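The values are calculated or read from the model by the stated rules, or taken from the named source; none is laboratory data. Every value quoted in this text rests on a predicted model; they were computed, and no experiment measured them. Cβ sites come from the backbone with ideal geometry, for glycine too, and all protein chains shown count toward neighbours.
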Amino acid sequence: MTSAPRRSPTVALRWRITVANNAGELPLRVIVDGRTRSSCSSYAWTAGGLVLTITTVLPEPGLAFELISTYTGHRDTDTIATHLALGQGRDGEIDSCRYPHEQLNPVELARACAYDHAGRLIEALGDDRHPTRVELDEHTFSELERVE
């Protein structure tokens, strides 16, 4: 009895994944001490849409800060979220967390990834003396969900 030729896993997977490599600006507002701060946020989909990176940079002197959040996941795996925070007058930090696919993933839940990134911004920039919030609206999500 002869068996069918074996295919490499990458060849088999290549036909199951919709390739979606895309990048763009991500409209969100960062408000610290009641004032909207200058910021630039963007997103990038890579690896066929299985990796989503969201970055936010605040260039203001005295507040200069950058957060890079990367979400890697697949429907058959958990999602790993990695956050790299860099800022003026503070030590750089990197943190990784594992989430169940149903709770957070770049494939079907890009909106949840954006909320997670916003939450990390609030944690990093805000304290009792400097209330911070991040505003996301439907335009923010339309950019992300356009690729989903």
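Which residue is nearest to the chain's Cα centre (by Cα), if the candidates are limited to the range 94-110 and must be polar (S, T, N, Q) and outside any strand (DSSP E or B)?
ASN105
Of these, ARG120, ARG129, which one is basic (Lys, Arg) and in contact (Cβ under 8 Å) with a residue 12 or more places away in the chain?
Within the list ARG120, ARG129, the selection yields ARG120.
Can you find, within the range 116-142, the residue that is modelled with the lowest pLDDT among those that are in a helix (DSSP H, G or I) and touching a strand residue (DSSP E or B) at 6+ places or on another chain (Cβ under 6 Å)?
Selected residue: THR140.
Check the range 89-98 and report whether any residue there is closer than 21 Å to GLU135 by Cα and of a type in the set (S, T, N, Q).
Of all residues in the range 89-98, those closer than 21 Å to GLU135 by Cα come to none.
No.
Under 9 Å between Cβ atoms, at least 6 apart or on separate chains: pull out the pairs that start in the range 39-50 with a residue that is closer than 9 Å to GLY24 by Cβ and end on any residue that is charged (D, E, K, R) and in a strand (DSSP E or B).
Hits for this filter: SER42/GLU25; TYR43/GLU25.
Yes/no per residue for (1) assigned to a loop (DSSP other than H, G, I, E, B); (2) buried (at least 21 other Cβ atoms within 10 Å of the Cβ):
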position: THR56; (1), (2): no, yes
position: GLY62; (1), (2): yes, no
position: GLU66; (1), (2): no, no
position: SER69; (1), (2): no, yes
position: HIS74; (1), (2): yes, no
position: ALA81; (1), (2): no, yes
position: LEU86; (1), (2): no, no
position: GLY92; (1), (2): no, no
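Would you check if ARG129 is of a type in the set (Lys, Arg) and more than 24 Å from ASN22 (Cα to Cα)?
Yes, satisfied.
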